[in-house]
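Following: one structure in structure tokens, then a few remarks.
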Amino acid sequence: MNSKVKTILITGASRGIGAAVAKLCGARGWRVGVNYSASREAAEQVVAEVAASGGEAIAIPGDVTSEADTSAMFDAVEKAFGPLDGVAVNAGVIDHRMPLADMTLERMRRVVDVNVVGALLTSREAARRMPTNKGGAGGSIVITSSRASQLGSPNDFIDYAASKGATDTLTIGLAKELAPDGVRVNAVRPGLIETEIHAAAGWSERATALADQIPMRRAGSAEETAEAIVWLLSDASSYVTGAIIDVAGGR
């Protein structure tokens, strides 16, 4: 495996899957931009854990739905560590369980703004900097999708599922756009994973309660999901692009 120290930006990295990705990057000795939108304290804790595991990291505030913030995130990582080798497009939100008929426009717009517009803005910024025809050295973009994009999440989070369907399409299209210029684009679709996201949906015990629906009879972990994401960020996946990997215990 190539031993090059990589520079990676991770959006939504102060908790859950994003934090697990940051720590695993740190264990490889990589340099990490830990983006957060709300809790600097949580982001700084992740930075400390990356450093403790052998990497370097900085905390970077920013709202992925803001064009200016997104550009500033990339600038901050490049100023601290040099050109990017990879971007984990991970920031996302969910809301309380309910059928589509009960959802407000405000809720749906927030989900789409963060999960779709945010992913597009982050991916666009990477596409402006990383390709060889833009002066970059190439690299890897990994988008966090969800098995919800295939399952539909009826009576739970159809808006979230629809937003993740959009990121699947983004992955396929952008992979084809950027492949000739040295940038690979892939996605990971986590299934039922033990993270804080279930509490945000109003059902903190969801992963445990639904475990019997999984062929493996258990929920997954953020760390297991991070393994797939970091593999796609690494040179070990050098001939993989346009792929969507399910990390879902067979569901």
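So which of GLY55, GLY138, GLY118 ends up being of a type outside the set (S, T, N, Q) and on the phi > 0 side of the Ramachandran plot?
One residue alone meets the criteria, GLY138.
Filter the stretch 5-32 down to residues that are charged (D, E, K, R) and touching a Phe, Trp or Tyr at 6+ places or on another chain (Cβ under 9 Å) and give me whichever is nearest to ARG184 (Cα to Cα). Steps first, please.
If we filter the stretch 5-32 for residues that are charged (D, E, K, R), which is where we start, we get 6, 15, 23, 28, 31.
Then keep just the ones that are touching a Phe, Trp or Tyr at 6+ places or on another chain (Cβ under 9 Å); that gives 6, 15, 31.
Details: LYS6: 15, ARG15: 25, ARG31: 19 Å.
My answer is LYS6.
Yes or no: GLU196 without any contact (Cβ under 8 Å) to a residue 12 or more places away in the chain, farther than 21 Å from ILE141 by Cβ and surrounded by fewer than 21 Cβ atoms within 10 Å (Cβ to Cβ)?
It is false that GLU196 is without any contact (Cβ under 8 Å) to a residue 12 or more places away in the chain, farther than 21 Å from ILE141 by Cβ and surrounded by fewer than 21 Cβ atoms within 10 Å (Cβ to Cβ).
Filter the stretch 76-103 down to residues that are surrounded by fewer than 15 Cβ atoms within 10 Å (Cβ to Cβ), free of Cβ contacts under 8 Å to residues at least 60 places away in the same chain and in a loop (DSSP other than H, G, I, E, B), then give me how many there are.
So the count comes out to 1.
Got a number for residues in the stretch 223-232 being crowded, with 21+ Cβ neighbours inside 10 Å and either among the charged types (D, E, K, R) or farther than 11 Å from VAL188 by Cα (or both)?
Residues flagged as crowded, with 21+ Cβ neighbours inside 10 Å and either among the charged types (D, E, K, R) or farther than 11 Å from VAL188 by Cα (or both) within the stretch 223-232 amount to 0.
Here is a list of conditions, (1) of a type outside the set (Asp, Glu); (2) closer than 25 Å to SER14 by Cβ; (3) part of a loop (DSSP other than H, G, I, E, B), and VAL114 meets all of them except one; can you say which number that is?
For VAL114, the failing item is (3).
Here is a check on your reading of the model: is ARG251 within 16 Å of the chain's Cα centre (by Cα), surrounded by 15 or more Cβ atoms within 10 Å (Cβ to Cβ), in contact (Cβ under 8 Å) with a residue 12 or more places away in the chain and not in a helix (DSSP H, G or I)? Walk me through how you get there before you give the answer.
Details: within 16 Å of the chain's Cα centre (by Cα): no; surrounded by 15 or more Cβ atoms within 10 Å (Cβ to Cβ): yes; in contact (Cβ under 8 Å) with a residue 12 or more places away in the chain: yes; not in a helix (DSSP H, G or I): yes.
In short, no.
State yes or no: is ALA59 of a type in the set (A, V, I, L, M, F, W, C), exposed (fewer than 15 other Cβ atoms within 10 Å of the Cβ) and modelled with pLDDT of 95 or more?
no
Counting only residues that are within 23 Å of ALA19 (Cβ to Cβ), in contact with a Ser or Thr (Cβ under 7 Å, 6 or more places away or on another chain), part of a helix (DSSP H, G or I) and not basic (Lys, Arg), how many does the stretch 144-169 have?
2
Of everything in the stretch 174-201 that's at pLDDT below 95 and assigned to a strand (DSSP E or B), which residue is nearest to LYS134 (Cα to Cα)?
This residue is ILE193.
Which numbered condition trips up GLY33, out of (1) farther than 19 Å from ILE141 by Cα; (2) assigned to a strand (DSSP E or B)?
The one condition GLY33 does not meet is (1).
Test each condition in (1) of a type outside the set (Ser, Thr, Tyr); (2) in a loop (DSSP other than H, G, I, E, B); (3) surrounded by fewer than 16 Cβ atoms within 10 Å (Cβ to Cβ) for ALA13 and report the one that comes out false.
With (1) of a type outside the set (Ser, Thr, Tyr); (2) in a loop (DSSP other than H, G, I, E, B); (3) surrounded by fewer than 16 Cβ atoms within 10 Å (Cβ to Cβ) applied to ALA13, the lone miss is (3).
Identify, by number, the condition in (1) touching a residue at least 24 places away in the same chain (Cβ under 8 Å); (2) more than 15 Å from the chain's Cα centre (by Cα); (3) farther than 19 Å from ALA187 by Cα that GLU106 doesn't meet.
Here GLU106 meets the rest and fails (1).
The values are calculated or read from the model by the stated rules, or taken from the named source; none is laboratory data. Just so it is clear, the model here is predicted, and its values are computed rather than measured. As a convention, Cβ positions derive from the backbone with ideal geometry for all residues, glycine included, and neighbour counts pool all protein chains shown.
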